[in-house]
Amino acid sequence: MCRSPASPCSSASPCPSPPSPCWRILTDYRLTRTNLGVIALSCAAVDDVTAWCLLAFVVGVAKAQVGQGLFVVAGALVFIALILLVARPALRRVALRWETQKPSVGLMTVVFVALLLSALTAEAIGIHAIFGAFLLGVVVPHDSALARAFTQQLRHVVTILLLPAFFAFTGMRTRIDLLSAPALWLLCGLIIVTAIAGKFGGTFAAARLTGLRWREAALLGVLMNTRGLMELIVLNVGLELGVISPTLFAMMVLMALVTTMLTSPLLRILKLQTIPEE
C-alpha cells in the first residue's frame, strides 16, 4: 500500500520507503510532492483500504458454512466494534503517554502481542488473520511516537526477511506450466487487457470528471494501473481458500507482473519528466 504523504517525517525518525511499486515509481520520478503524486498516493491508499475490507468480507463468506454464516457475520461485527470502541481509545491513551519519550521494550512487546492476538481472534471468528492484524494497525495513531518506533523496529525484518520470503513463496506457487494450451494463454491475455481497461479506464474517467486535464488523467491512470503487494496477498488468500484454481492464480500473478512492468515505459512515453515539482 502506498504511504500517504501526510505522514510526518523527521530527521530523527525518517519515514521508511514502503515496498510499493506506486511509491517507488513516484520516488524515482521525483513526483511525491507534486499534485499528481499526492493524488496518486491518496487514491492508492483508499484503494488498498477498500481492498482490505472487501477481502475480509469475501474470506468470511468463503470460509463460512451454511450454519456458520450468521456466527461469522456477528463475530466480525463484534470484533470490529471492540477494536474501534475499546482498543482504539486505549492505544491512543498509550500513544499520548509515550509521546514525549521513547517507547520501552515492554510496551513494544505488549503491542506486538496485541497484534498477534488480534490476528488469532480474526482467524478464530472465520475471517482471515491478515484482517485482524490490519485492523489493529489502523487504530494505532499513525503520527505517534509509538507508531514510528514500531515501524522502525520492524522495518528491516519486514523488508529484508519477510517481504522477499513472501515474494519467493508466491513465485514457487505460481505454476506457469499449467498454461499449456493456447486457449489458456488467450484467456490470460484477456485478463490482462480487462485489468488494464478496468483500472486505467476507471481512473482516467474519474480524473476527467473531477477536472484534471487529459494528460494528467492519463498519467494518473497509468500510475494506478500498477499492481502491488495487496494484489498478491489477495491471490494467495484466494488460493489457500480454494476460491481460485492454481491455473487462475498463475494467470492473475502474470497480470500483476505485466501491468506493473508496463508502468515505467508508459510514463516515459507520456514524458513524465517534464512535470515540474512543486
At 10 °C and 1.306 mPa s, the Stokes-Einstein diffusion coefficient in µm²/s for segment 36-138, with hydrodynamic radius from the Kirkwood sum on alpha carbon pairs, is 104
Return P(r) of segment 145-233 (all Cα-Cα pairs; 5 Å bins starting at 0; whole %; ordered from short to long distances). 2, 12, 12, 13, 13, 14, 13, 14, 6, 1, 0
Over segment 101-192, the quotient of the Cα radius of gyration and 2.2 N^0.38 Å is 1.57
For the pair LEU82 and THR247, the simple spin-label estimate (label points 7 Å beyond Cα toward Cβ) gives in nm 4.3
Over segment 196-278, what lengths in whole Å, largest first, do the semi-axes of the equivalent ellipsoid take, defined as the square roots of 5 times the eigenvalues of the alpha-carbon gyration tensor? 30, 14, 10
Could you give the nm distance between label points at ARG97 and MET172, where each point is 7 Å from its Cα heading toward the beta carbon? 4.2
By how many nm would the segment from LEU161 to LEU184 lengthen if fully extended, with 0.36 nm per residue of separation less the alpha-carbon distance? 4.8 nm
Taking a probe of 1.4 Å and leaving out DNA, RNA and ligands, segment 136-205 shows per residue an accessible area in Å² of 60
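The values are calculated or read from the model by the stated rules, or taken from the named source; none is laboratory data. Here the structure is a predicted model, which means the values were calculated and not measured. Don't worry about glycine lacking a Cβ; one is built from the backbone with ideal geometry, like all the others, and counts go over all protein chains shown. These area figures cover heavy atoms from the full protein model, side chains too; ligands, DNA and RNA do not enter into them. Shrake-Rupley method; radii C 1.70, N 1.55, O 1.52, S 1.80 Å.
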